[in-house]
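The values are calculated or read from the model by the stated rules, or taken from the named source; none is laboratory data. Keep in mind it's a predicted model, so treat the numbers as computed, not measured. Ideal geometry is used to build each Cβ from the backbone, glycine not excepted, and the neighbour counts take in all protein chains shown.
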Amino acid sequence: MNCEECQQHLQAALDGELDAAASRIHEQHLASCAVCQTAQAELLGVRRLVRAHASRHTASAALRFRVVSDIEQAAPAAPVSPATSPRSALERLFGYLRRWPWAGINLGFATTASVAFAVVFSLYLQMPSEQDRSDQEIVATHFRSLQVDHLADVISTDKHTVKPWFSGKLDFSPPVVDLASQGFALIGGRLDYFDQHAAAAMVYRHDKHLINLFVWPDQVVRGGKLRSIHGFQLLRWSDGEMAYAVISDLNGAELQQFQQLLVARVSSGN
């Protein structure tokens, strides 16, 4: 290892990011090179000054959650079938472009245009769907509610206290169900907003697990499908009048049990 390589690796070495072999070679050179020792001392001095005088800001839990979400969304998607993969879609696209009557068109322009179109098309294929974006908003809303003083605007185990609290705050009347006897205790409610609409949020507790139930008007009937996102279980459904989303760190079976109990009570008029 020469001096240039050694100094390029100083930062990584101080952060413990070199593998065992590279670290050993780096240390051997550093032990015998006064120039690199001086460079390391200067770097350590800069670090001490930064620690002593630079402002420190701790990232909020919501910010950390957004960063993790962005990283996971940017990660390579799980393998999909050849018929639906972006690769096969691009291959079909190029096949179509090859059959296009390019006669009379500048070849360089045509190639550039086709590549640009392919790149845009590929990015489009990788964009999250509207449902995915909406689910991510629900997860983020649930996560925010778990922060201090965000869980409930009205704290009560009595549905006759929670339900009237929503009156005048929403243009719809959400069903509020007491499932304490089945192991899911109502602990309060709050107003929330996501996916460009207001929602009533009811909070339940099952053992040590918190459950957020979101309700908002929606006349489209959808089936419920359980999803696991960022360590939370999310289940959405609607009955032709209201849309529902329930999310928790409960296991899927318990969350589906909660849904079944809730649907039965709402159908029977609470």
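In the range 230-251, which residues are among the small types (Gly, Ala, Ser) and at pLDDT 90 or above? Answer for the range 230-251, where residues must be among the small types (Gly, Ala, Ser) and at pLDDT 90 or above: Ala243, Ala245, Ser248. Among the residues making up the range 153-172, those that are farther than 27 Å from Gly240 by Cα and aliphatic (A, V, I, L, M) are Val154, Ile155.
One residue stands out in the range 173-206 among those that are assigned to a loop (DSSP other than H, G, I, E, B) and modelled with pLDDT under 90: the one that is farthest from Val246 (Cα to Cα), namely Gln196.
Out of Leu235, Leu213, Leu250, report the one residue that is under 15 Å from His142 (Cα atoms), part of a loop (DSSP other than H, G, I, E, B) and not basic (Lys, Arg). Testing whether each residue is under 15 Å from His142 (Cα atoms), part of a loop (DSSP other than H, G, I, E, B) and not basic (Lys, Arg) leaves just Leu250.
Listed here are the residues, each with its yes/no results for (1) surrounded by 10 or more Cβ atoms within 10 Å (Cβ to Cβ); (2) modelled with pLDDT of 75 or more; (3) within 30 Å of Asp132 (Cα to Cα).
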{"site": "Ala20", "(1), (2), (3)": "no, yes, no"}
{"site": "Glu27", "(1), (2), (3)": "yes, yes, no"}
{"site": "Cys36", "(1), (2), (3)": "yes, yes, no"}
{"site": "Gly45", "(1), (2), (3)": "yes, yes, no"}
{"site": "His53", "(1), (2), (3)": "no, no, no"}
{"site": "Arg56", "(1), (2), (3)": "no, no, no"}
{"site": "Ser60", "(1), (2), (3)": "yes, no, yes"}
{"site": "Val68", "(1), (2), (3)": "yes, no, yes"}
{"site": "Val80", "(1), (2), (3)": "yes, no, yes"}
